[in-house]
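Reviewing the structure listed below.
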Amino acid sequence: MSKVLFVYAKGGPPLEYALSRVAAKAEVHLLALSALPPSVRDACTRLCASVVVPSEARARDLVALIMDRARSVGADAVMTVSEYAVVAVADACERLGLAGSGGNCVLARDKRMMRRTWSEHGVSQPRFHSVASEDDLRDAARTLSFPMLLKAAWSAGSTAHRIIRSPNEVGPAWDRAREVMAESAGLGYAELHVEGAGADFLVEEIVHGDAEGWFADAGWGDYVSVEGVVADGVYHPICLSGRMPTIEPFTERASITPAPLPAAAQERVVALSRAAVDALGLENCGTHTEIKLGSDGRMWVIETAARFGGAMTVPQIEDVFALDLIGLLADQLLGRDVSWPAEVLGGEQARHAAGSLVVLAVDGDGAPWPDRRAWDFDAVDWPSLLSPGSRLSEVTEHSLPRGSTVPVYDPAAGANTMAALCLLSAARPVTVIRDFEALTAAFPGVLPAAAKDGGA
């Protein structure tokens, strides 16, 4: 039986979901670079032939550790679904002679290198500058137009994003972004392979998005993501996911599959995504490419990744299109024949629609809740808030324990201040949007009041 070494770190689809798909294809050995979520420890034991835990995983050089463990278990493939481990896994696969995302994987991880590569290939993107100090940021502010967005080069989930609207905001933005990256590292949300990555930043002009000319219904955000895969160097776009409007600065609140764009618009988006992914020269990996939509058909690539979309993106695709992307990628890495979709999947192929909603302590406009609330999925009559036929479930691996106080939303920390993640299945994409709008409005009134001594 084929063997797969699965390298776990924070981020990506739920661990139990990912492991179950790989276990259906091969014997799985788990190497954990982050502490295993308590809710899935039993599942890890059940699904995996072996489990190596964080205390051992952090003891030595990361790439050497992955290589040693792969050799020890006789792995025929090594894979990860975490943004924070993709570079280390790619490096290990290169040295082991195994299929992987390839030596260019870092171009899909370091946003500075990514942007420079796209500039060389003429890919449409916002104007930007790399910055490594407050002085660099002040210099960039003299050449770029306000407002600007400061972002960490190795972050994920909009962590450490800061909008800068004037020169006097440069210093505070720089200080806060660095603080957040240090805090995120303490929580385990940090690049695992590149030393000092938390100090690397870039700043870019904020392009004006406009969803109105792209979608037939109101309520959609002004960017989409193209979910895909690169197999033996060939890019295969799979489908598009849409968004609700983000919360300032650009924290994602919800992802919806499929994104109901007209056929001609979808073709243009996919063409830009193809140009962005092809420029990076990846080999075998999932891809997640975010594209900003503007007025008059304008588009800009925001970023891409050499892994599948995080959180519930992949489970949504399986729910909607009956397509197991993680299992198919495992087959690809194991050298088996895989028939990737010949065309981009859309509404005609969808069985229904699905979406994931991040629970944040702000309303639809980003205003804070009037008082503190506790997260308790079982305490709410969810069907009374949803459209007929819609079904809501909690993603426990990405949710706080029942009774926990919902954190105060911190724009700089982004998704780090989430309380929970929920998955919704509904008849149509617009139904998902309407249900999410209703839930967002209802949260501060239907969730239990927080205990008086509840922390932030």
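Throughout, read-outs are computed from the coordinates displayed, never taken from laboratory work. The structure presented is a predicted model; accordingly, all values stated were derived computationally and were not measured. Quick reminder, even Gly has a Cβ in these numbers, built from the backbone with ideal geometry, and neighbours come from all protein chains shown.
Tell me, what HN-Hα J-couplings in whole Hz come from the Karplus equation 6.51 cos²θ - 1.76 cosθ + 1.60 at θ = phi - 60° for each residue of the stretch 382-389, using x for Gly and Pro?
Along the stretch 382-389, the couplings run 4, x, 5, 9, 10, 5, x, x Hz.
Mind checking the dipole of the chain: about its Cα centre, +1 per Lys or Arg Cβ, -1 per Asp or Glu Cβ, Debye to the nearest 20?
400
May I ask for the percentage of alpha-carbon pairs in the stretch 183-253 that lie more than 13 Å from each other? List each step's numbers first, then the result.
Values: 1946 of 2485 pairs.
Counting every Cα pair in the stretch 183-253, those more than 13 Å apart make up 78 percent.
Over the Cα atoms of the chain, Rg to Rh with Kirkwood Rh, two decimal places?
0.94
Once amide H atoms are built 1.01 Å from N in the peptide plane, which residues 5 or more positions from R373, or in another chain, come under 5 Å H to H?
Close amide H contacts, sequence-distant or interchain: V406, A450.
With the dipole of the stretch 315-374 worked out from charges on the C-beta (+1 for Lys and Arg, -1 for Asp and Glu) around the Cα centre, which of V344, L334, W369 lies farthest toward the positive end?
Working it through, the farthest residue towards the positive pole turns out to be W369.
More than 24 Å apart: what percent of Cα pairs in the stretch 352-456 qualify?
Summing the P(r) tail past 24 Å for the stretch 352-456 gives 18 percent.
In whole Å, largest first, what are the principal axis extents of the Cα atoms in the stretch 338-381?
51, 26, 21
Convert each backbone phi in the stretch 404-416 into a coupling constant with the Karplus relation 6.51 cos²θ - 1.76 cosθ + 1.60 (shift: θ = phi - 60°), then list the ³J(HN,Hα) values in order as whole Hz, x for Gly and Pro.
5, 6, 5, x, 5, 5, 10, x, 6, 7, x, 5, 5
Apply the Karplus parameterisation 6.51 cos²θ - 1.76 cosθ + 1.60, with θ equal to phi minus 60°, to every residue of the stretch 210-227 and state each ³J(HN,Hα) to the nearest whole Hz, in sequence, with x for glycine and proline.
7, 7, 4, x, 9, 10, 6, 10, 6, x, 8, x, 9, 8, 10, 10, 9, 8
Apply the Debye scattering formula to the stretch 287-330, with a single equal point scatterer on each alpha-carbon and no solvent, then give log10 I(q)/I(0) at q = 0.21, 0.24, 0.26, 0.33 Å⁻¹.
Result of the Debye calculation: -0.77, -0.86, -0.91, -1.11.
Points 7 angstrom from Cα along the Cβ direction at D68 and T143: gap in nanometres?
Distance between the two pseudo-spin positions: 4.5 nm.
Sorted by packing (mean other beta-carbon atoms within 10 Å per residue), highest first, where do 315-325, 38-48 land? Mind showing how you got there, number by number?
Details: 315-325: 20.5, 38-48: 15.8.
Those peptides, ordered most packed to least, come out 315-325, 38-48.
Tell me which DSSP H helices of the chain clear both cut-offs, 18 Å or more of axial length from alpha-carbon atoms and a mean Kyte-Doolittle hydropathy of at least -0.5.
Those that pass (Cα extent of 18 Å or more, hydropathy at least -0.5) are 170-187, 263-280, 429-446.
For a quick check: with amide H placed at 1.01 Å from N, whose amide H comes under 5 Å from V395's, ignoring anything fewer than 5 positions away on the same chain?
L421, C422, L423
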